[in-house]
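The values are calculated or read from the model by the stated rules, or taken from the named source; none is laboratory data. What you see is a predicted model, and the numbers here were worked out from it, not measured in a lab. When we count neighbours, we look across all protein chains shown, and the Cβ atoms used for this are built from the backbone with ideal geometry, even at glycine. Just so you know, the surface numbers come from the protein's heavy atoms only, side chains and all, with ligands and any DNA or RNA stripped out. Shrake-Rupley method; radii C 1.70, N 1.55, O 1.52, S 1.80 Å.
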Amino acid sequence: MNRTPRRIVTGHDANGKSVVTMDTAMQPTLEKPEIGVAFYEIWNTAGSPVRVDNGADPTSRPLQIEPPKQGSIIRFVDFGPKQAARPPMTREMAEAAFALVGSAHAATWKPDSPHPMMHRTESVDYGIVVFGEIVLVLDDGSRTHLKAGDVVVQRGTDHAWENPSEINPARMAFILLDGAFSPEIAKLIEKA
């Protein structure tokens, strides 16, 4: 079940009737087989309240992990299976990977990190496993195994994702909402 995502976008015609304005098979916005990921940017918004219009496709903005200020993102991320041919992830590879998506600042790797792809964004993210299996890795070392249909509500925590399968890909749908850390959480993060 490694189907290309299809995106249908609605809008309004000159008479105010609801119409489909876009119907496309999505191509990866960014595909990096060497680290086993592909991003499909479905839509994003900037500002709140969101401007409801017939505007152009907003996904042409440069890819970033986090949403725009007061905005949102919906995307699919495909995680390739573990492959013996792929070299193990290093800190340098992880930093380069986050830089590719315009979010080098999101990388939080430290010498005691449980995974080289640890990162954090100041956002609330809903992560839904569409197919395959994924492991959520947190900076306390915990590893939560997720299967299709499971949902993670990510509240600005330091984390990484890992596909545990040797042969099967996995896909997650992510909806990210820009946020602001409460003063209490900001202080805790600063100490960590």
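For this structure, a couple of remarks:
- Here Ala38, Ala25, Ala14 are screened, and the one residue that is loosely packed, with under 11 Cβ neighbours inside 10 Å and in contact with a strand residue (DSSP E or B) (Cβ under 7 Å, 6 or more places away or on another chain) is Ala25.
- Qualifying residue in the range 99-120 (condition: crowded, with 16+ Cβ neighbours inside 10 Å, of a type in the set (D, E, K, R) and either on the phi < 0 side of the Ramachandran plot or without any contact (Cβ under 8 Å) to a residue 60 or more places away in the chain (or both)): yes
- Selection within the range 158-168: residues that are part of a loop (DSSP other than H, G, I, E, B) and either hydrophobic (A, V, I, L, M, F, W, C) or open to solvent by less than 60 Å² (accessible area, probe 1.4 Å) (or both). The member of this set that is nearest to Arg91 (Cα to Cα) is Asp158.
- Members of the range 1-25 found to be of a type in the set (A, V, I, L, M, F, W, C) and over 29 Å from Val129 (Cβ atoms), listed by number: Ala14, Val19
- Criterion (in a loop (DSSP other than H, G, I, E, B), under 26 Å from Arg3 (Cα atoms) and of a type in the set (A, V, I, L, M)) met by exactly one of Leu146, Leu63, Leu136: Leu63
- Test: Ala46 is small (Gly, Ala, Ser) and exposed (fewer than 14 other Cβ atoms within 10 Å of the Cβ): no
- Among the residues of the range 156-192, those that are of a type in the set (Lys, Arg) and more than 14 Å from the chain's Cα centre (by Cα) comprise Lys187, Lys191.
- Against the numbered list (1) of a type in the set (A, V, I, L, M); (2) over 17 Å from Asp125 (Cβ atoms); (3) within 12 Å of the chain's Cα centre (by Cα); (4) at pLDDT 95 or above, Ala38 comes up short only at (4).
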